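The values are calculated or read from the model by the stated rules, or taken from the named source; none is laboratory data. As the structure is a prediction and not an experimental result, all values here were calculated from the model. A quick note on method: Cβ atoms are made from the backbone with ideal geometry, for glycine too, and the neighbour counts reach across all protein chains shown.
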Amino acid sequence: MRAKRRTGWLTIAACSLALAGCGEQGYPRVSLREGAETSVPRSPRVSGKLPLRVAIAAVVSPGANLDAYERLLAYLSDKVDRPVQLAQRGTYAEINQLIRSRAADIGFVCTGAYIEGQREFGMELLVAPEVRGETTYFSYIVVRRDSAAQSLADLRGHRFAFTDPLSNTGHLAVQWALHLGGQTPETFFSSTIFTYSHDNSIRAVSAGLVDGAAIDSLVYDFVMAQTPGDRFQLKIVGKLGPFGIPPVVVHPALDSALKEQLRGALLDMTAHERGRAALAPLMVDRFVRLEDSAYDSTRTMAAVIRGWPKTR
């Protein structure tokens, strides 16, 4: 029998987690919310200058994002001699729209959002992070440690959490894995939800709100490193990938001088003590130049699942 999806919003007071149901087909078009910008205080010498507008995708919840990126934003402010204005949004589509409308100068996005933005308006790869010597990452399928599940296949007929409709590791990779087996999330799982951040998905599994979730491996490692003890009691039962790592992007029409200034500042971080200190909270070794072909495998999946051609 065809599985039936649940829709709507679930507010769980016990773990302070709001989760959005995934009743929509595809992914939503969005209108930007006001009042979501944060000005990062900097030295008086940059006051009065136009801000560098930085958009950061909500791979983790907003507070955790700000804590992790604060030193990096301060470093960029000094390097480009401008104050920084941070924009955070609840969905990857909203971050893409900030770049597309040129309401943000630079963005830290997920892989799935990058290939979509590139297809739609030529979103441009600036640099990419290198983590533990690699420029790839994975989708982890996670369940509670006491779950009998040992693989994605064992989650047939169970409740599952995705992160964002545009997410590669938190959505597309699982869609692709199911597609190869002749299934879709609607036919395979009993119900699915979108949590709109990977740490929310971790909490959803830990709290028993869902039976499994697809998590960005980089975020999973980051959250586990930041969490004392063994709070979440999870285990990894599947590993999809590898995929090209989430990049740093700009609009193709961004001023070329600013573009090169930003690229140079990020590539040069490890040469400065402040730069290395800014990379440490992000668990990033350094930023590097990366060929766009690193994202071809994700494009191939998206061409089928999202219904658009592989060629750009």
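Results, tabulated for the structure shown:
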| item | result |
| --- | --- |
| Residue match in the stretch 118-140 (condition: crowded, with 21+ Cβ neighbours inside 10 Å, more than 19 Å from the chain's Cα centre (by Cα) and not assigned by TED's automatic domain parsing to the domain that holds Y295) | no |
| Lone unmet requirement of (1) surrounded by 14 or more Cβ atoms within 10 Å (Cβ to Cβ); (2) more than 20 Å from L155 (Cβ to Cβ); (3) of a type outside the set (F, W, Y); (4) touching a strand residue (DSSP E or B) at 6+ places or on another chain (Cβ under 6 Å) for G275 | (4) |
| Filter result for the condition that a residue is out of contact with any strand residue (DSSP E or B) (no Cβ under 7 Å at 6 or more places or on another chain) and either at pLDDT 95 or above or over 17 Å from A149 (Cβ atoms) (or both), over H179, H198 | H179 |
| Filtered residue count, the stretch 167-188, keeping only those that are of a type in the set (A, V, I, L, M, F, W, C), closer than 15 Å to S297 by Cα and surrounded by 18 or more Cβ atoms within 10 Å (Cβ to Cβ) | 5 |
| Qualifying position, being over 23 Å from R53 (Cβ atoms) and under 19 Å from the mean Cα position of the chain (by Cα), among S293, S217 | S217 |
| First in the stretch 156-167 and under 14 Å from V109 (Cα atoms), second anywhere and of a type in the set (S, T, Y) and in a loop (DSSP other than H, G, I, E, B), Cβ under 7 Å, 6 or more apart | T163/T195; T163/Y196; T163/S197; D164/T91; D164/Y196; P165/Y27; L166/Y27 |
| Single match in S147, S151 (criterion: hydroxyl-bearing (S, T, Y), more than 22 Å from P242 (Cα to Cα) and not assigned by TED's automatic domain parsing to the domain that holds G90) | S147 |
| W308, sole failed condition from (1) within 19 Å of the chain's Cα centre (by Cα); (2) surrounded by 14 or more Cβ atoms within 10 Å (Cβ to Cβ) | (1) |
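Here's the yes/no breakdown for (1) of a type in the set (S, T, Y); (2) assigned by TED's automatic domain parsing to the domain that holds L73; (3) out of contact with any Lys or Arg (no Cβ under 6 Å at 6 or more places or on another chain); (4) over 19 Å from M123 (Cβ atoms):
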| position | (1), (2), (3), (4) |
| --- | --- |
| G264 | no, yes, yes, yes |
| T270 | yes, yes, no, yes |
| R274 | no, yes, yes, yes |
| A280 | no, yes, yes, yes |
| F287 | no, yes, yes, no |
| T298 | yes, yes, yes, no |
| M301 | no, yes, yes, no |
